[in-house]
Structures are given as structure tokens and as C-alpha cells.
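The values are calculated or read from the model by the stated rules, or taken from the named source; none is laboratory data. Owing to the predicted nature of the structure, the values given are computational and were not obtained by experimental measurement. A quick note on method: Cβ atoms are made from the backbone with ideal geometry, for glycine too, and the neighbour counts reach across all protein chains shown. Heavy atoms of the whole protein, side chains included, go into the accessibility calculation; ligands, DNA and RNA do not. Shrake-Rupley method; radii C 1.70, N 1.55, O 1.52, S 1.80 Å.
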Amino acid sequence: MTTATVIRTKSRKPWTPSQIVLTLIGVAVSAVFVAPIAAALFTSLKSETEASEIPPHWLPEVWTVQAWKSLWQTGNVSNWFVNSLVVSVCVTTIVLAVSALAGYGFARTEFRGKSVLMGVVMAGLMISPAVLGVPLFTTVQQMGMVDTYWGMILPQCAPAAMVYILYKFFQGIPRELEEAAFIDGAGRWRVFFTIVVPLARPSLSAVGIFTFIASWNNFLWPYMVTNNPDLMTMPNGIATVMNSYGIQWAQLMAGGLMAGLPLIVVFVFFQRQIVAGVAHTGLAGQ
Amino acid sequence: MTTSAQTVIAPARARTATATATVRRKQGFQHGGWFVAPFLGLFAVFVIWPLLRGLYLSFTDANISGAGASFIGLDNYREALHDSAMWDALGHSAYFTLLVVPCITVLAFLLAMLAHHIERGKWLWRLCFFAPFLLPSTVAGNMWQWLFTQGIGLFNETFGLQTPWLTDKSYAMLAIVITTLWWTVGFSFLLYLAALQGIPDHLYEAAKLDGANAWHRMVHITLPMLRNITGLVIALQVLASLQLFDQAVVMMDFSPGPELSTRSFVQYTLEQGFTSYRVGYASAMSIIFFVIIAVVALARMWLLRNREEGGR
């Protein structure tokens with residue numbers, strides 16, 4: 001794969017007419033895709049009065065960072081940012097740990113009732129907080145976890161899909177590797193930590209990245225389980241609290257970009273892993 | 001002489017090795033439960049238990065506090081079947097799904113073909129088409145709410161329109177569909193892109209030698225090779241679209257939209273549970289919704305199995 005890319009860059013093909021046409025189409029389509037984000041960025045750099053002027057215009061006449069400043073000073077944004085980070089990091093860590101263990105357990109160990117439990121987990125693929133919102137809320141309420149970090153975190157930590165993805169991956173690891181280690185006297189856990197986990201690193205990072213994205217962007221569950229603005233996560237706080245003060249568009253766009261930017265930055269750096277991760281998880285789902 | 005001895009010994013040794021391995025594997029039996037226990041614990045508390053609890057609550061007239069609920073049998077389900085607001089909400093979710101799924105599938109395929117065939121700047125196309133997917137749903141919703149707002153929004157301004165996107169019931173759902181296409185097509189695009197990269201080059205080279213033109217190559221190689229991924233994209237999109245909620249409520253300022261026209265099934269369920277405090281009734285709707293989703297998922301599995309058997 002890498003060698004192929006290297007060779008291709010070295011013997012770069014000349015600009016053929018069809019490549020020129022395709023590239024122009026690509027630029028046009030990309031412009032359409034980027035336009036809303038650019039519009040949001042430009043709006044966040046306008047003053048509030050300019051942002052709600054009629055007719056609207058794309059570029060600010062007076063460039064100002066006022067919206068960003070006042071958002072930072074008056075809002076709970078720094079709080080929300082920390083909340084988002086705490087929730088997403090905890091969810092990602094817990095999901096990685098429990099789904100790696102469960103995926104391996106289902107793929108490579110035997111225990112009573114395994115196939116029944118596996119069937120139950122598969123059925124769980126169809127259940128999301130959107131489907132179970134109200135009963136899940138009353139359950140969490142009974143446990144006294146409304147308006148707490150745990151209430152936001154734990155219900156996101158049982159993703160059947162991630163277990164299924166890792167289960168598929170672990171099934172593909174050759175048994176001989178493990179058996180050799182068993183013969184050498186290693187136990188189950190040792191084999192898991194020294195052989196299986198390192199082999200699974202690409203799959204684990206895909207699962208981790210997707211869990212992080214999903215958790216950072218999760219709106220519905222934190223929306224249901226928190227009323228306290230101090231506990232809200234980024235997407236949640238910006239959508240509910242900012243709207244309730246009457247919409248200030250420049251601030252709203254600045255806040256939206258603040259909530260969205262971290263993942264876009266992550267994507268720029270981890271593009272290769274994310275694309276491979278999508279490919280992997282996507283193909284594993286078949 | 002030695003060779004024949006070796007051939008006799010080798011299988012025997014292999015047999016003992018497998019036997020030892022089987023024993024070892026059996027020793028691992030009791031550990032197996034511990035591997036899956038943490039996940040199953042969370043899964044039982046936050047998925048299975050709420051599902052069972054929802055099933056129980058759906059036969060009661062429970063309110064949000066959970067106190068003083070009495071068993072009312074199938075009344076909630078009977079009421080739901082005659083609740084036109086529920087059917088409307090279900091209709092909106094279904095209508096949204098019918099609009100979004102075909103559009104996203106075609107668009108994702110076209111974008112992936114484009115990104116796959118342009119030789120330069122691959123990372124740039126990937127970034128542009130995928131970036132919206134990385135935005136939280138509320139942020140995407142707010143951006144497009146602003147773009148679509150009459151008067152101050154850039155959408156009408158740019159295209160020279162006067163459309164009341166968010167305040168007229170004939171446009172509101174369309175506005176949500178456009179937002180959703182922009183926001184989520186990136187994920188399916190990456191699935192298609194990965195699948196395109198997985199098609200072996202030699203298939204195309206062979207076809208070229210046989211004189212197949214670009215159109216033939218697409219119809220006879222690319223599309224058949226992408227059949228599985230298309231099935232996956234459609235299935236994931238149907239399940240995700242039926243659960244419409246986030247972007248719709250954000251774009252409509254947490255209202256059910258003009259003349260209730262964008263109220264989705266999830267939104268109606270949550271309204272019943274959290275605004276009208278009718279937890280029993282909302283639970284009945286959750287169970288109905290779970291059954292709908294399960295039917296869709298099972299239909300997909302059934303179709304896949306039939307196609308596999310038909311193919312063989």
C-alpha cells in the first residue's frame with residue numbers, strides 16, 4: 001500500500017483533460033461542502049448587529065472577535081468543554097476496556113450460555129437511547145444518577161456494535177498464535193494482554209476514535225439526563241442554553257465552531273486511521 | 001527409512017499438540033465468563049433492564065415520578081393505535097427516511113467515485129466531504145437553521161430565493177433533509193471509498209483488454225463489486241433515519257415544527273414522557289418503535305440470506 005503510493009507519487013501522471021475536468025468538479029463540490037462551515041466562521045467574526053442584517057452578506061464588513069470573546073467571558077463554555085472532555089474520555093476508556101474483553105471472550109473462550117448471550121448482544125444492536133429513551137431515563141433516575149457525570153457516562157458504555165466489531169476481528173486472529181503461548185505455559189489473561197491486544201491495535205484505535213466522536217457529539221442522552229447548565233456538554237449547552245436567551249447568531253456560530261473544531265483537528269491528524277477504521281468497521285459489519 | 005518414520009511421527013505429534021491445546025482451551029473455560037462479565041453487567045443494567053422495565057411500564061399508567069402506577073393492561077397500546085398524532089409522527093419519520101436514504105446512497109457513491117478517480121489531493125476531498133460528519137448534530141442544525149432563516153439566511157440570498165424554509169410546513173422537512181444530507185453523507189462516502197479501493201485493479205485491466213469502455217466497466221465491475229457495501233449503507237441509513245431527532249428539534253427551536261410537520265416519532269415519544277409526564281404511554285410507544293426497528297433489521301437479514309442463497 002505505502003510502496004504503491006510512493007511509486008505513484010514519483011511517476012506522477014501528467015494533467016490529462018479528464019483529470020482537469022474531474023479536479024474542477026471536485027473543487028466545485030468541495031466548495032459546496034465547505035460553504036456552510038465557512039459561512040459560520042465568517043458570521044462568528046461579525047458583530048451581532050451585522051450578523052442579523054438584511055440582506056445578509058458572506059464576508060464581515062468589520063472583522064471582530066467580539067462574539068468569541070463574549071462567549072468565552074459570559075458563557076459556561078469552558079465548563080461545557082471540560083464536561084465534554086471528561087465524559088468522552090471516560091466513555092472511550094470504559095468502552096475500549098469492556099468491549100475488547102467481551103469481544104475476545106465471545107470470540108475465543110467457551111462458557112456456559114455463550115451462544116444465548118451472544119444472541120442477546122446481537123439483538124442489542126437494534127436498541128439505542130433513542131428507542132429506549134423514556135424507560136432508560138426512569139432507570140437512571142431510580143439509580144439516583146440524574147444530573148451526575150455517571151448518569152451521562154455509564155449508559156453510553158454498553159455499545160453492542162463495538163463488541164461485535166472486535167468479536168469479528170478476534171475471530172480472525174490465527175488460533176496457532178495463542179496455542180503456542182498456552183503450550184509455553186501462559187495463562188488466558190497473559191495471552192490476552194501480551195498477544196491479542198497488541199495485534200488488535202488498529203481495530204482498537206478505530207473503535208476508540210468512533211466512540212470518542214459519537215460521545216463528543218452525543219446530544220440526545222445528555223439532553224435527557226442533565227438539567228443543570230454546569231453539567232452540560234458542549235453540543236448540549238450550546239443548543240439549549242444559548243437558544244433560550246434568544247438567538248445571538250454570531251455567538252451561536254462561534255460556539256458551534258468551538259464544539260466542532262476539536263474533532264476536525266483530530267481528523268486532520270488521524271485521517272489515515274479514521275479512513276482505515278471506517279473501512280474496517282464497515283466491512284466487518286457485512 | 002528416516003523419511004517414512006518422520007511421516008509417521010509428524011501427524012502423531014500434531015495430534016498431541018492439538019490435544020494439549022484443547023485441554024488448555026478447556027482450562028480457559030472458567031475465565032471466559034470473566035472476559036464478558038463487565039460488558040454484560042453494563043449491558044444488563046442499561047439496555048436489557050430498561051427494555052424490560054419499559055415493557056412493564058407500557059402496561060401501566062405510570063407518570064414521571066413512578067409512584068402510584070396501576071396496571072392497565074393493553075390500554076396504552078390500544079390508545080396508541082388510535083392516536084393520530086402518533087401515526088403522524090411515525091409518518092414524518094418514515095417520510096424523512098424515504099427522502100434521505102436514496103439521496104444519501106446515490107450522493108455518497110458519486111462523491112466516492114469522484115474522490116477515487118481524481119489523482120491529486122485525495123486527502124483534501126476526503127476532508128471536505130467528511131468534515132460535516134464530525135460536527136455535533138446540534139452544531140450542524142444551528143448552522144443550517146441560520147442559513148435557512150428567512151431574511152438573514154445566506155441560503156435564499158445565494159440562490160435568489162424567497163422560500164420560507166423553516167416556517168412553512170411544505171418546506172420544513174425538506175430543510176431538515178438537506179441539512180442531513182450535508183451533515184451525514186460523509187460517513188457513507190468513506191464506506192464507498194474504502195470499498196472502491198478494495199476492488200482489485202486487475203479486474204479493470206482485464207476488462208480494458210477485452211475492449212470494455214468506462215461505462216461497461218462501471219456497470220459490470222464496479223457496481224456488482226459494491227453491492228454488499230450498498231446494502232450496508234442502506235441498512236445503516238434506514239436505522240439511523242428512522243431515529244430522526246437531533247437536527248430536527250435544533251432547527252425548529254425545540255418545537256414540533258410548523259403545524260407539527262417535523263415532529264418525529266422519537267420527539268413525540270419524549271414529549272409524552274417528559275412534557276406530558278405520561279411515562280407508561282411513552283414506554284408503550286418505545287416498545288412499538290423497538291418492534292418496528294426489529295422488523296426492519298430482520299427484514300434486512302432475511303433479504304441478505306435470500307440473496308446469498310439465490311447467488312449460489
Can you tell me which of (1) out of contact with any helix residue (DSSP H, G or I) (no Cβ under 6 Å at 6 or more places or on another chain); (2) buried (at least 21 other Cβ atoms within 10 Å of the Cβ) is the one A:VAL82 doesn't meet?
(2)
Determine whether B:LEU193 is surrounded by 20 or more Cβ atoms within 10 Å (Cβ to Cβ), out of contact with any strand residue (DSSP E or B) (no Cβ under 8 Å at 6 or more places or on another chain) and part of a loop (DSSP other than H, G, I, E, B).
no
Elements of type helices (runs of 4 or more DSSP H) contained in the stretch A:175-221, each with 2 or more residues being touching a Gly at 6+ places or on another chain (Cβ under 8 Å)
A:201-217
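In the stretch A:222-247, which residues are in a loop (DSSP other than H, G, I, E, B), touching a helix residue (DSSP H, G or I) at 6+ places or on another chain (Cβ under 7 Å) and over 13 Å from A:ALA259 (Cα atoms)?
Here is the first cut: in the stretch A:222-247, the residues in a loop (DSSP other than H, G, I, E, B) are A:226-228, A:232-233, A:245-247.
If we keep only those that are touching a helix residue (DSSP H, G or I) at 6+ places or on another chain (Cβ under 7 Å) as well, we get A:226, A:232-233.
Once the filter is applied, which keeps residues that are in a loop (DSSP other than H, G, I, E, B), touching a helix residue (DSSP H, G or I) at 6+ places or on another chain (Cβ under 7 Å) and over 13 Å from A:ALA259 (Cα atoms), the stretch A:222-247 yields only A:THR226.
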Screening B:PRO200, B:PRO224 for residues that are at pLDDT 90 or above and farther than 30 Å from A:ALA214 by Cβ leaves only B:PRO224
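Which residues, taken from the stretch B:208-227, are assigned to a loop (DSSP other than H, G, I, E, B) and hydrophobic (A, V, I, L, M, F, W, C)? Full working, then the answer.
Our first condition is that a residue be assigned to a loop (DSSP other than H, G, I, E, B); within the stretch B:208-227, this holds for B:210-213, B:226.
Residues satisfying the conditions are B:ALA212, B:LEU226.
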Filter the stretch B:75-114 for residues that are within 14 Å of chain A (Cβ to nearest Cβ) and of a type in the set (Gly, Ala, Ser); which is surrounded by the fewest Cβ atoms within 10 Å (Cβ to Cβ)?
B:ALA80
Out of (1) within 13 Å of chain B (Cβ to nearest Cβ); (2) open to solvent by less than 40 Å² (accessible area, probe 1.4 Å); (3) at pLDDT below 95, what's the single condition that is false for A:VAL95?
(3)
Would you please name the residue that is surrounded by the most Cβ atoms within 10 Å (Cβ to Cβ), looking only at residues in the stretch A:38-58 that are within 20 Å of B:GLY160 (Cα to Cα) and of a type in the set (Val, Ile, Thr)?
A:THR43
Result of the Cβ filter at 7 Å on the stretch B:45-74, keeping first residues that are more than 11 Å from chain A (Cβ to nearest Cβ) and in contact (Cβ under 8 Å) with a residue 24 or more places away in the chain and partners that are outside any helix (DSSP H, G or I) and open to solvent by 60 Å² or more (accessible area, probe 1.4 Å), at least 6 apart or interchain, is B:PHE59/B:PHE71; B:THR60/B:PHE71; B:ILE72/B:ASP61
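How many residues are open to solvent by less than 30 Å² (accessible area, probe 1.4 Å) and closer than 21 Å to A:VAL275 by Cα when one looks only at the stretch A:210-252?
Of the residues in that region, 6 qualify.
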Those residues of the stretch B:48-70 which are surrounded by fewer than 18 Cβ atoms within 10 Å (Cβ to Cβ) and at pLDDT 90 or above amount to B:ILE48, B:TRP49, B:LEU52, B:LEU55, B:TYR56, B:ASP61
Can you name the residue in the stretch B:115-133 that is more than 22 Å from A:ILE264 (Cα to Cα) and assigned to a loop (DSSP other than H, G, I, E, B) and, of all such residues, is most open to solvent (accessible area, probe 1.4 Å)?
B:GLU119
The condition from (1) over 25 Å from B:LEU51 (Cα atoms); (2) facing chain B (nearest Cβ under 10 Å) that A:ASN83 misses is numbered (2)
Here are some conditions: (1) in a helix (DSSP H, G or I); (2) at the interface with another protein chain (Cβ under 7 Å from one of its Cβ atoms); (3) of a type outside the set (Val, Ile, Thr). A:MET126 meets all but one. Which one does it not meet?
(1)
